[in-house]
């Protein structure tokens, strides 16, 4: 049986724009300014790569030390926005349906546990579900490490995992891991972008995926 591996931000919880604003605050605190739409295009990448990419946008080379500082500032800023974060439509119901259908799943996020903890709690995920965060892997997306670790925790071959994500970085990492990618539009990327990045199906949000689970091979139990 196939297993699901879910991204978190923008896939299960509505938090992308809170992360964008937190990154903008972090940049401004070190004297850098960037339009929010440019920041949004990088959400989903590892913090280090994101900082490098944003620095390139404004012609500023970001050192490793600066990237670390930006990551710390982002985490501190995100704390002030986290009360605005809510589960996306159908997210809890989708996870519940998978559990009822005995379909294994894991959550793999580029966020560190400190940042992701509250979002995970509001999804009401049980202790039996593997959670893989940035703290546990050498590299985050678009490297495949998070998804490889999730498949290992699920004891499922990578080719039998379905990775659900909202960004091109999720889908690139899924392709590099050898998994099948499913896109959702709830993070702000367009259907064509997600398809081009490797999604074999694209849905509006978790509720839409829940309504079409048969299309990805999930059978209802009698």
Worksheet item: Of all residues in segment 162-182, which are buried (at least 24 other Cβ atoms within 10 Å of the Cβ), outside any helix (DSSP H, G or I) and free of Cβ contacts under 8 Å to residues at least 60 places away in the same chain?
Response: 181, 182
Worksheet item: What number of residues in segment 61-88 are crowded, with 16+ Cβ neighbours inside 10 Å and either within 19 Å of residue 46 (Cβ to Cβ) or without any contact (Cβ under 8 Å) to a residue 12 or more places away in the chain (or both)?
Response: 11
Item to complete: With the checklist (1) under 10 Å from residue 5 (Cβ atoms); (2) assigned to a helix (DSSP H, G or I) in hand, flag the one item residue 120 doesn't pass.
Response: (1)
Worksheet item: Which of the residues belonging to segment 1-34 are surrounded by 19 or more Cβ atoms within 10 Å (Cβ to Cβ) and part of a loop (DSSP other than H, G, I, E, B)?
Response: 7, 8, 10, 11, 12, 15
Item to complete: Would you check which residues across segment 133-157 are at pLDDT below 95 and in a helix (DSSP H, G or I) and list them?
Response: 134, 135, 136
Practice prompt. Starting from residues that are closer than 30 Å to residue 210 by Cα and out of contact with any helix residue (DSSP H, G or I) (no Cβ under 6 Å at 6 or more places or on another chain), keep the ones in segment 22-61 and report whichever is modelled with the highest pLDDT.
Written response: 37
Practice prompt. Output the residue which, of all residues in segment 207-222 that are closer than 21 Å to residue 151 by Cβ and in contact with a strand residue (DSSP E or B) (Cβ under 7 Å, 6 or more places away or on another chain), is surrounded by the most Cβ atoms within 10 Å (Cβ to Cβ).
Written response: 209
Worksheet item: Residues in segment 210-222: is at least one outside the structural domain of residue 36 (by TED's automatic domain parsing), in a loop (DSSP other than H, G, I, E, B) and farther than 24 Å from residue 99 by Cα?
Response: no
Discussion item. Here is a check on your reading of the model: is residue 185 closer than 21 Å to residue 14 by Cβ, buried (at least 24 other Cβ atoms within 10 Å of the Cβ) and assigned by TED's automatic domain parsing to the domain that holds residue 127?
Written reply: no
Item to complete: Could you tell me whether any residue of segment 86-94 is in the same structural domain as residue 197 (by TED's automatic domain parsing) and under 13 Å from residue 5 (Cα atoms)?
Response: yes
Practice prompt. Would you mind telling me which numbered condition in (1) surrounded by fewer than 19 Cβ atoms within 10 Å (Cβ to Cβ); (2) touching a residue at least 12 places away in the same chain (Cβ under 8 Å); (3) closer than 24 Å to residue 188 by Cα residue 117 fails?
Written response: (2)
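Residue-by-condition table, conditions (1) in contact with a strand residue (DSSP E or B) (Cβ under 6 Å, 6 or more places away or on another chain); (2) in a helix (DSSP H, G or I); (3) under 18 Å from residue 22 (Cα atoms):
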{"residue": "70", "(1), (2), (3)": "no, yes, yes"}
{"residue": "73", "(1), (2), (3)": "no, yes, yes"}
{"residue": "76", "(1), (2), (3)": "no, yes, yes"}
{"residue": "79", "(1), (2), (3)": "no, yes, yes"}
{"residue": "94", "(1), (2), (3)": "no, yes, no"}
{"residue": "98", "(1), (2), (3)": "yes, yes, no"}
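The values are calculated or read from the model by the stated rules, or taken from the named source; none is laboratory data. What you see is a predicted model; the values in this text were computed from it and never measured. Here Cβ is always computed from backbone atoms with ideal geometry, including for glycine, and neighbour counts include all displayed protein chains.
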